[in-house]
Amino acid sequence: MKRILLLFFSVFCLSLGSLKAQLPAFTLKTMDGTEVRTDTLQNAGRPFIIDFFATWCKPCNRELDAISEVYEDWQEETGVKIVAVSIDQAQNINKVKPLVSSHGWEYDVLLDPNSDFLRALGGQMIPYTLIVDGKGKIVYKHSGYTDGGETELIEKVRALLEQ
């Protein structure tokens, strides 16, 4: 009996490790006030990247600027989409749209003023970046940014597309 239980427990633990998490359900708003449910985010069956940022976060802005420089190429090659999620608090929300415009970011931008979505995904510091596969499962998480880090993101997306 002990062997059967041990075998069952081992198989159960192994299967848990291979499961990929779905996006949790929150209602966020776009910069123009349209509501978006996070559990319905998708990219027509292709991977997409969720990148949490704030207007005051210099590494976040550097990361989104670096991605912006290659974003068009990434889209042509892989079809990947970026969803940038601002965690600026309510009193600073009015700074998000001017920042996005001044940097020329062509991303979908959502507002998470209480950081509920960020915390639900295990994020504690920003930038916090996720890659979601074409089936809506989170397959990669990363905190922080160093110059050149965007290269790792596109490599992960390419690897997903080869599976």
In sequence order, calculated HN-Hα J values of region 46-51 (Karplus, 6.51, -1.76, 1.60; Hz; x Gly/Pro): 10, x, 9, 10, 10, 10
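Would you please report the Å³ per residue occupied by the convex hull of the alpha carbon atoms in region 21-162?
Working: hull volume 14.0 nm³, N = 142.
In region 21-162, the Cα convex hull volume per residue is 99 Å³.
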Skipping prolines and chain starts, which residues have an amide H placed within reach, meaning under 5 Å, of the one on D88, given they are 5 or more residues away or on another chain? T55, D112
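Can you compute the charge dipole magnitude of the chain about its Cα centre, using +1 on each Lys and Arg Cβ and -1 on each Asp and Glu Cβ, nothing else charged? Give it in debye, rounded to the nearest 20. Provide the component values of the computation, followed by the final result.
Values: 17 positive and 22 negative charges, 212 e Å.
Computed charge dipole of the chain: roughly 1020 debye.
Report, in deg cm²/dmol and to the nearest 500, the calculated mean residue ellipticity at 222 nm for the chain, where each DSSP H run with n ≥ 4 adds -39500 (n - 2.57) and the sum is divided by the residue count.
Working: 5 runs with 65 residues, N = 163.
My calculation for the chain gives -12500 deg cm²/dmol from helical runs alone.
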Under a crude label model (7 Å from the Cα following the beta-carbon direction), how far is A90 from V70 in nanometres? 3.9
What number results when the radius of gyration of region 114-163, computed over Cα atoms, is divided by 2.2 N^0.38 Å? 1.22
Which lysines have a Cα lying under 20 Å from the Cα of K156, excluding residues fewer than 8 positions away in the same chain? K20, K81, K135, K137, K141
What list of ³J(HN,Hα) couplings, whole Hz, do you get for region 105-119 from phi and the Karplus terms 6.51, -1.76, 1.60, once you set θ to phi - 60° and write x for glycine and proline? 6, 9, 9, 6, 10, 10, 10, 10, x, 9, 6, 5, 5, 4, 5
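Just so you know, all these numbers are worked out from the coordinates, no wet-lab data involved. Given the structure is predicted, the values throughout are model-derived calculations rather than measurements. Glycine also receives a Cβ, built like all others from the backbone with ideal geometry; neighbour counts cover every protein chain displayed.
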